[in-house]
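These notes are about the structure you will find just below.
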């Protein structure tokens, strides 16, 4: 079984109530941080949940360790500022297994 890791983000203590996700202060730094991961081939998907207040997620590729994912998530500028909190969870991509 090939395990991948998913980072779930949710609003943190610095989240501004009533302000849409894309308008939260400092959000562009979060986008840029994960764009680097995608360009390096570490992550392949993610984004905000559409209900605007429950955060979002990022999915990392097979082979990226939990430790590496936690290091990426904890160094996210929006996590460091308290705008977002994160949780790393292991995930099995069953659809990928069907394709093999």
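Being over 14 Å from residue 9 (Cα atoms) and in contact with a helix residue (DSSP H, G or I) (Cβ under 7 Å, 6 or more places away or on another chain) narrows it down to one of 26, 63, so name that one. Talk me through it step by step, then tell me what you get.
Details: 63 fails: in contact with a helix residue (DSSP H, G or I) (Cβ under 7 Å, 6 or more places away or on another chain).
The unique qualifying residue is 26.
Against the test of being surrounded by 12 or more Cβ atoms within 10 Å (Cβ to Cβ) and in contact with a strand residue (DSSP E or B) (Cβ under 6 Å, 6 or more places away or on another chain), the options 7, 64, 19 yield a single qualifying residue, 7. Within region 44-56, the set of residues being surrounded by 11 or more Cβ atoms within 10 Å (Cβ to Cβ) and free of Cβ contacts under 8 Å to residues at least 24 places away in the same chain comprises 44, 45, 47, 49.
Of all residues in region 61-88, none that is at negative phi and free of Cβ contacts under 8 Å to residues at least 12 places away in the same chain has its Cβ atom under 6 Å from the Cβ atom of a residue that is surrounded by 13 or more Cβ atoms within 10 Å (Cβ to Cβ) and not in a loop (DSSP other than H, G, I, E, B), 6 or more apart or on another chain. Kindly evaluate residue 49 against the criterion of being modelled with pLDDT of 95 or more, under 26 Å from residue 13 (Cβ atoms) and in contact with a helix residue (DSSP H, G or I) (Cβ under 9 Å, 6 or more places away or on another chain). Against the criterion (modelled with pLDDT of 95 or more, under 26 Å from residue 13 (Cβ atoms) and in contact with a helix residue (DSSP H, G or I) (Cβ under 9 Å, 6 or more places away or on another chain)), residue 49 does not qualify.
The values are calculated or read from the model by the stated rules, or taken from the named source; none is laboratory data. Note that the structure is a prediction, hence the values are computed from the model and not measured. Cβ atoms come from the backbone with ideal geometry, glycine included; neighbour counts cover every protein chain shown.
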